[in-house]
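The values are calculated or read from the model by the stated rules, or taken from the named source; none is laboratory data. Being a predicted model, the structure only gives us computed values, none of them experimental. In this analysis, Cβ positions are derived from the backbone assuming ideal geometry, glycine residues included, and neighbour counts consider all displayed protein chains. Areas reflect the complete protein model, heavy atoms only, side chains present, ligands, DNA and RNA absent. Shrake-Rupley method; radii C 1.70, N 1.55, O 1.52, S 1.80 Å.
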Amino acid sequence: MEVSMFLNTLTPKFYVALTGTSSLISGLILIFEWWYFRKYGTSFIEQVSVSHLRPLLGGVDSSSPSSSNTSNGDADSNRQSVSECKVWRNPLNLFRGAEYNRYTWVTGREPLTYYDMNLSAQDHQTFFTCDSDHLRPADAIMQKAWRERNPQARISAAHEALELEDCATAYILLAEEEATTIMEAERLFKQALKAGEGCYRRSQQLQHHGTQYEAQHRRDTNVLVYIKRRLAMCSRKLGRTREAVKMMRDLCVFQLMKEFPLLSMFNIHENLLESLLELQNYADVQAVLAKYDDISLPKSATICYTAALLKARAVSDKFSPEAASRRGLSTAEMNAVEAIHRAVEFNPHVPKYLLEMKSLILPPEHILKRGDSEAIAYTFFHLQHWKRVEGALNLLHCTWEGTFRMIPYPLEKGHLFYPYPICTETADRELLPTVFHEVSVYPKKELPFFILFTAGLCSFTAMLALLTHQFPELMGVFAKAFLSTLFAPLNFIMEKVESILPSSLWHQLTRI
């Protein structure tokens, strides 16, 4: 009875105020939840529930290690995640003067980010300088040149160093940044090779005479390898692919003979694989893969997707999804599908570029393995090789999405590789020009339940506020009918209790 009396005293203005206030509060919660999700990738309400409320209610906090083994596993996982997110020098990076700058002249866009160019400056200082540079005037000038941020200042310093002597690193800088064509860059690299070989022979004779000479020899070795590698890339770009393959094979042998750790960062075998694919020399490609696709070596998109391409080549020309669904997959087809799943698990961004579902941009000078930057760099040079193999892209199109069904939670576990690292999106946004390129994100962030619930609640209450404002009396009738129906079971129970309990006892309970 008291509930009915209370409902009868409510006016339409009360319902307007109630629904309007509810809509405002739920809208503010929705805006905050959406902002928090965009910034941190998780729902605030969900995070508070899991982190704080669940332990109070007796739940187990999955984030806290239950044993020393668990904590060791978490530490190993964190270390692996950090190593997976290491930024690598792009083995097939373009020439800044002859290619990147030409793109800027034509489009007016900067293809390289400041972060990417800053990493290159650090690489140049690591590869091309040493502590004994002050003993040679030209090298002392170049040591300052590599630290310059202004391109014109670097080029001027390189010319100044060449006025003193034939300096290999000065020729390198001019070939990379001043040369406007590949032929001009090749000419400068040949001059750099002549100067670099002389320095290498001199430092080789003195390398065991002290730490200073050892560092100088290491630097001269890095310079020589860099020059030969870029000369091989010039030959590849100018159509002399067989000559490029020979130079890259020699470099791979030289790299295996030397024990300097920096040489392993060049990844010359990836250049070799691309050139061999251009020659369609698939037997040699398989031989190189057998040597470098080893469990102890770090993987790359080039390794994984080239292996998948070779497996797909054996069956793709006759592959038909309808026929395969009727008769099942043959052994060769199963091997090809598994190789594609392996490649997609390593880098899930590549298929959209290979299938031209997403537009390409110029690759950056650095890449993040398993990231969008690596996918762009790989596809930029290897798309033509996939198109050349009949049916390979069709097989990829039919099978690549199956990988995501195999690993429903890629951030927590992997099928063949470690869990997919969560740091790739942040690093790719630093490496790629997001002004005109939308960075691929994997796995896609699904909207949490609380954001969807708050959005629905906000919309529903806003609609109620609008209807109540337009039709206050009618909405008042509906609200009273709804609340009466809602409280009907409670009123029924109260009536039953009143009929059972003595009136005096019920009077004392109501007073309490």
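Values as computed for the structure displayed
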{"item": "Cleavage-rule hits (chymotrypsin sites (Phe, Trp or Tyr not before Pro)) in the stretch 378-451: DSSP loop, at most 13 neighbouring Cβ within 10 angstrom", "result": "F436"}
{"item": "Percentage relative contact order, the stretch 98-168, counting C-alpha pairs under 8 Å, at least six apart", "result": "22 percent"}
{"item": "Cα gyration tensor category, rounded, prolate or oblate, for the stretch 377-416 with a/c compared to 1.5", "result": "oblate"}
{"item": "Cβ-based charge dipole, the stretch 356-479, positive-most Cα from F436, L383, T461", "result": "L383"}
{"item": "Calculated FRET efficiency for the pair N394/M357, C-beta based, R₀ 22 Å, to 0.05", "result": "0.95"}
{"item": "Largest to smallest accessible area among K291, K480, K144, K352 [probe 1.4 Å]", "result": "K144, K291, K352, K480"}
{"item": "Within the stretch 261-363, GluC sites (Glu not before Pro) in DSSP loop having at most 14 other beta-carbon neighbours inside 10 Å", "result": "E356"}
{"item": "Estimated FRET transfer efficiency (D294, E163; beta-carbon r; R0 41 Å; 0.05)", "result": "0.30"}
{"item": "Accessible surface of R327 - all protein chains present, 1.4 Å probe, nearest 10 Å²", "result": "140 Å²"}
{"item": "Violating pairs (Cα-Cα greater than 32 angstrom) within the set K190/K358; K387/K444; K291/K444; K299/K444; K318/K413; K190/K311", "result": "K190/K358; K291/K444; K318/K413; K190/K311"}
{"item": "Cα convex hull of the stretch 222-378, projected area averaged across orientations, nm²", "result": "10.5 nm²"}
{"item": "Whole-Hz ³J(HN,Hα) from phi, Karplus 6.51 cos²θ - 1.76 cosθ + 1.60, for the stretch 219-231, glycine and proline x", "result": "5, 5, 5, 4, 4, 5, 5, 4, 4, 5, 5, 5, 5"}
{"item": "Accessible area of V87 in the full protein assembly, 1.4 Å probe (Å², nearest 10)", "result": "40 Å²"}
{"item": "List K237, K318, ordered by accessible area with a 1.4 Å probe, largest first", "result": "K318, K237"}
{"item": "Heavy atoms of S316: accessible area, 1.4 Å probe, square angstrom to 10", "result": "0 Å²"}
{"item": "Where the stretch 101-182 is the region considered: accessible area per residue in Å², 1.4 Å probe", "result": "52 Å²"}
{"item": "Model label zone, K86; criterion: amide N under 17 Å from point 7 Å along Cα-to-beta-carbon; scope the stretch 395-422", "result": "418-419, 421-422"}
{"item": "Amide hydrogen neighbours beyond the local backbone of V87, cut-off 5 Å, H modeled", "result": "none"}
